[in-house]
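Quick notes on the structure that follows.
The values are calculated or read from the model by the stated rules, or taken from the named source; none is laboratory data. Computed from a predicted structure; not experimentally measured. As a convention, Cβ positions derive from the backbone with ideal geometry for all residues, glycine included, and neighbour counts pool all protein chains shown. Calculation scope for accessible area: heavy atoms of the full protein, side chains included, ligands and nucleic acids excluded. Shrake-Rupley method; radii C 1.70, N 1.55, O 1.52, S 1.80 Å.
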Amino acid sequence: MNGCPRARGGATATHRVRFPALWCLLLTGLVLALAPGAQAASAAGPSPTPPESAAKAPFGVRAGLYGLTTLTGGHFGYALKAGARIEDSAVIHNESDEARTFHVYAADVAHAAGGGLAPAQEGQRMTGVGAWLKLDSEAAVTVRPKSRATVRFSLAVPAGTPPGSYLGSLVTALRTPAVSGGVNTETRIARLVELTVPGTADLQVSLSELEHRSAGAGEEFTVTVRNTGNVLYTFAGSLRITGGGSPRTVPLTPTGIYVIPGGSATLTGRVADLPALGRRTVTASVTATVPGGTAKTVDSDSVRLTFFPWLIAALAVGGLLALALLLVVTRRRRRAWLRRRAEERTALRALRRELRAGKPPAGDPREAPAGSDEHP
């Protein structure tokens, strides 16, 4: 190296040979360490080891950090004005013992049926980030065994794009051929592409009507959260129960998932230990939080529940009716018995009077009618 210092007098021949090379290495390392961007690149640069996802899968994908724009967790995050363009890359690791061909494509992101986010399928019409992100190479990338390949891409925001948050994804898919008449299987790894177009942030949260239904020994409540603003946020919700003592809360699930602008998510919570008699008021409360930004809390309409032991009441009423019927029947029988006793007493008194008067009782067989041929 021409810029290396030479050994000065007093050193042996061996030192004259070794010291200049050592000083060259030290100075070269110092220059690289102090060079602009070198420290950031060493701290945030890609690791030579495969990504964590590759340890349990036949392949893995990590951000290439091309341009130092990538978010932590292997995802991509950009803040671009409308009409701006940026470049980045992703690194695909093939951890198998044979060459693999991967299909790489950009996709929009939508809400999955069970909650959370899911990328669109390959071949679907993309209208957002999935359409703005373009690969610099072919969609099919072949990677040799125990090797990796870099896929570069660019993201161009269309002019006139309104301020707000936009989500997309970069999907890497490995399709396994069918074996002996089986079906094809596909393993996909999707890295989020979070784009923020600067401007006025409009955090808007709306809740649907709080609904409920019986669920075992309790009540199940559902409410839908809608993102009517222009920023991406996560949320956490709970049910607030008042009445009959100290108020309490029950968490709503899921929690911490993204809701994209124009998207929605349904939350569910179950309230147990409800009283047999009394009233309760239930209200859903949802707090939306912009990552690294502001938060907003919105309450739903209230549901008033009245609890009454209908079964116990029905059994009690039935018992009272049965008792009343028994009393009526018993009273009627007693009255009939009393009438018969009175008639018997009256007949007995009449008989006694006739006997005292010396007349035989009516119907006495010893007194036959005159002119009768019959014998007693």
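Given the conditions (1) under 18 Å from Ser165 (Cβ atoms); (2) modelled with pLDDT of 90 or more, which single one is not true for Gly77? It fails just one condition, (2).
Within the range 260-273, residues that are within 16 Å of Val286 (Cα to Cα) and open to solvent by less than 50 Å² (accessible area, probe 1.4 Å) sit with their Cβ atoms under 7 Å from residues that are in a loop (DSSP other than H, G, I, E, B) and at pLDDT 90 or above, at 6+ positions apart or across chains, in these pairs: Leu267/Leu252; Thr268/Leu252; Gly269/Leu252. Taking the listed residues Ser206, Ser238, the one that is surrounded by fewer than 16 Cβ atoms within 10 Å (Cβ to Cβ), modelled with pLDDT of 90 or more, part of a strand (DSSP E or B) and within 20 Å of the chain's Cα centre (by Cα) is Ser206, with no other qualifying. Checked against (1) assigned to a loop (DSSP other than H, G, I, E, B); (2) under 22 Å from the mean Cα position of the chain (by Cα), Ser246 passes all but a single condition, namely (2).
Quick grid of which residues meet (1) without any contact (Cβ under 8 Å) to a residue 60 or more places away in the chain; (2) of a type in the set (S, T, N, Q); (3) under 30 Å from Gly128 (Cβ atoms):
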{"residue": "Ala149", "(1), (2), (3)": "yes, no, yes"}
{"residue": "Leu174", "(1), (2), (3)": "no, no, yes"}
{"residue": "Glu186", "(1), (2), (3)": "yes, no, yes"}
{"residue": "Thr196", "(1), (2), (3)": "no, yes, yes"}
{"residue": "Gly216", "(1), (2), (3)": "yes, no, no"}
{"residue": "Glu220", "(1), (2), (3)": "yes, no, no"}
{"residue": "Asn230", "(1), (2), (3)": "no, yes, yes"}
{"residue": "Phe235", "(1), (2), (3)": "yes, no, yes"}
{"residue": "Arg240", "(1), (2), (3)": "yes, no, no"}
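Among the residues of the range 267-293, those that are within 16 Å of Gly218 (Cβ to Cβ), small (Gly, Ala, Ser) and under 17 Å from the mean Cα position of the chain (by Cα) comprise Gly269, Ala284. Residue-level check: of (1) at positive phi; (2) open to solvent by 80 Å² or more (accessible area, probe 1.4 Å); (3) not β-branched (Val, Ile, Thr), Gly278 misses just (2).
Looking across the range 304-352 at every residue that is within 30 Å of Arg240 (Cα to Cα) and either in a helix (DSSP H, G or I) or free of Cβ contacts under 8 Å to residues at least 24 places away in the same chain (or both), the one that is least open to solvent (accessible area, probe 1.4 Å) is identified as Ala313. For the range 120-169, a residue qualifies if it is in a strand (DSSP E or B) and open to solvent by 50 Å² or more (accessible area, probe 1.4 Å), and the qualifying residues are Lys134, Ala140, Thr142, Arg148, Thr150, Arg152, Tyr166. Taking the range 281-297 as the range and being touching a Ser or Thr at 6+ places or on another chain (Cβ under 9 Å) and either open to solvent by less than 30 Å² (accessible area, probe 1.4 Å) or not in a strand (DSSP E or B) (or both) as the test, the residues that pass are Val282, Thr283, Ala284, Ser285, Val286, Ala288, Val290, Pro291.
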